[in-house]
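Note sheet for the following structure.
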Amino acid sequence: MPARWRLHSSVNGNSNRIPTYAAVFQQYLSTQTPPKSPPEIAYFCTAVVKYFDAPEGRLVAIGGLEDVRQSDDILLAEMTVKPGDIIPPCTDSGKRVGCVVVSQEKGNHARQTAMEMAAHVQFDVI
């Protein structure tokens, strides 16, 4: 058997028993079932991410983070630095020190809460 036939048989699923072309062929068959309508999506909340604005320098302490984590609207309050770490200037997204993610029903409320929560976290640097 020529190599191209072996390749074709493995691609179409004959040798590996995976029906690779089944979806393609079914769309041309008259016996196919009608497609189901896509599910309806009901959005009920908004999530907002606010990255912390930490000054550069050696981090001595982080204040307010535990208070922020206790809020019911907070989905995530993550910090990638700890006391003793050196915080470089934030020149790209890889140098961010953490974020807070807030979820609320309305976007403008979520945005305001995220800004307040991020401002509540204080970075003591030298």
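Sort 74, 126 by Cβ crowding within 10 Å, fewest neighbours at the top.
Placing the least packed residue first, the sequence is 126, 74.
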Problem set entry | Built amide H within the under 5 Å cut-off of residue 57, gap 5+ | 87
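So for 76, 65, fewest C-beta neighbours within 10 Å to most, what's the order? List each step's numbers first, then the result.
Details: 76 13, 65 19.
Fewest-to-most Cβ neighbours within 10 Å comes out as 76, 65.
Please give the charge dipole size of segment 46-125, origin at the Cα centre, charges +1 on K and R Cβ atoms and -1 on D and E Cβ atoms. Round to the nearest 20 debye. Could the numbers behind the result be given before it?
On the way: 8 positive and 12 negative charges, 39 e Å.
Taking the Cα centre of segment 46-125 as origin, the dipole is about 180 debye.
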Exercise. Given H placed on each backbone N at 1.01 Å, which residues far from residue 76 in sequence or on other chains put an amide H within less than 5 Å of it?
Worked result: 101
Exercise. Between 115, 89, 75, whose Cα lies farthest towards the positive end of the dipole of segment 46-125 when Lys and Arg beta carbons carry +1 and Asp and Glu beta carbons carry -1, centred on the Cα centre?
Worked result: 89
Seminar exercise, completed: Going from the fewest other Cβ atoms within 10 Å to the most, one would list 93, 103 as 93, 103
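Quick note: the coordinates plus some simple rules give every number you see, no bench work behind them. This structure is a prediction, so every number in the text was calculated from the model and none was measured. As a convention, Cβ positions derive from the backbone with ideal geometry for all residues, glycine included, and neighbour counts pool all protein chains shown.
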